[in-house]
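The values are calculated or read from the model by the stated rules, or taken from the named source; none is laboratory data. Just so you know, these numbers come straight off a predicted model, no measurement behind them. Virtual Cβ from ideal backbone geometry, glycine too; neighbours counted across all protein chains shown.
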Amino acid sequence: MSSSLNKNDVILLKWLLRQSKNGEEVYQSMIPVKTKLNPKVVSKVLNKLEKIGVIERVPIIYNKRKTYIVKPNVEIAIKVLKEIGEDYVDIDEVVREVLSIPCISCPQTEKCYEGGFYDPVFCPLLTEYIKSKTNMKNKEQNYTFKIFKPS
Ligand code: SF4
């Protein structure tokens with residue numbers, strides 16, 4: 001179960017998500033230096049995160065040493081964190097969400113009110129938006145995260 005993620009797993013996963021947000025390439029060999037975590041702990045955590053599918057590792061030679069580029073699978077990682085009650089706020093996603101509300105860019109906003117000529121109750125744009133959000137919510141609820149048990 002994803003709820004078996006421990007404190008270090010969560011800390012490192014969130015850290016990787018932040019790095020990927022900044023567009024930074026993360027080398028496994030540099031993670032202990034940057035996070036101050038013990039290299040053995042880092043290696044153990046990454047093995048586990050890779051097994052459950054929340055990160056991917058690509059082998060590479062860096063500073064003449066074999067290591068990996070570590071990338072989080074952002075969507076899955078955020079879902080898993082939410083599943084275990086850990087917050088991860090993706091600011092870009094929040095901004096996108098807010099901007100997708102039709103009233104934000106509607107020229108009739110100031111004239112729109114219940115019972116008015118423009119009425120949110122009968123607005124096709126708002127109705128369509130709410131329908132799409134409801135469909136997304138239903139899909140999310142049907143989503144079953146397949147997790148692999150560590151061997
Ligand atoms: S409810 Fe419709 S008409 Fe009213 S502000 Fe929102 S998008 Fe515009």
Being among the β-branched types (Val, Ile, Thr) and over 16 Å from Ile55 (Cα atoms) is the filter; apply it to the stretch 1-40 and report the residue that is modelled with the lowest pLDDT. Thr35
Can you give me the number of residues within the stretch 117-129 that are out of contact with any strand residue (DSSP E or B) (no Cβ under 7 Å at 6 or more places or on another chain), part of a helix (DSSP H, G or I) and surrounded by 12 or more Cβ atoms within 10 Å (Cβ to Cβ)? 4
Could you check the stretch 87-114 and list, in sequence order, the residues that are farther than 30 Å from Pro72 by Cβ and either touching a His at 6+ places or on another chain (Cβ under 8 Å) or of a type in the set (S, T, N, Q) (or both)? Ser105, Gln108, Thr109
Does the stretch 59-69 contain at least one residue that is surrounded by 15 or more Cβ atoms within 10 Å (Cβ to Cβ), touching a Lys or Arg at 6+ places or on another chain (Cβ under 9 Å) and under 16 Å from Asn8 (Cα atoms)? no
Taking the criterion of being within 14 Å of the chain's Cα centre (by Cα), closer than 24 Å to Leu12 by Cα, acidic (Asp, Glu) and at pLDDT below 90, would at least one residue in the stretch 91-108 satisfy it? yes
Go through the stretch 84-116 and give me each residue that's surrounded by 10 or more Cβ atoms within 10 Å (Cβ to Cβ) and either more than 16 Å from the ligand (Cβ to nearest atom) or among the hydroxyl-bearing types (Ser, Thr, Tyr) (or both). Ile84, Glu86, Tyr88, Asp90, Glu93, Val94, Val95, Arg96, Ser100, Ser105, Thr109, Tyr113
Is there a residue being of a type outside the set (Ser, Thr, Tyr) and closer than 20 Å to Asp90 by Cα anywhere in the stretch 26-44? yes
Is there a residue in the stretch 4-26 that is surrounded by 15 or more Cβ atoms within 10 Å (Cβ to Cβ), under 30 Å from Glu128 (Cβ atoms) and in contact (Cβ under 8 Å) with a residue 60 or more places away in the chain? no
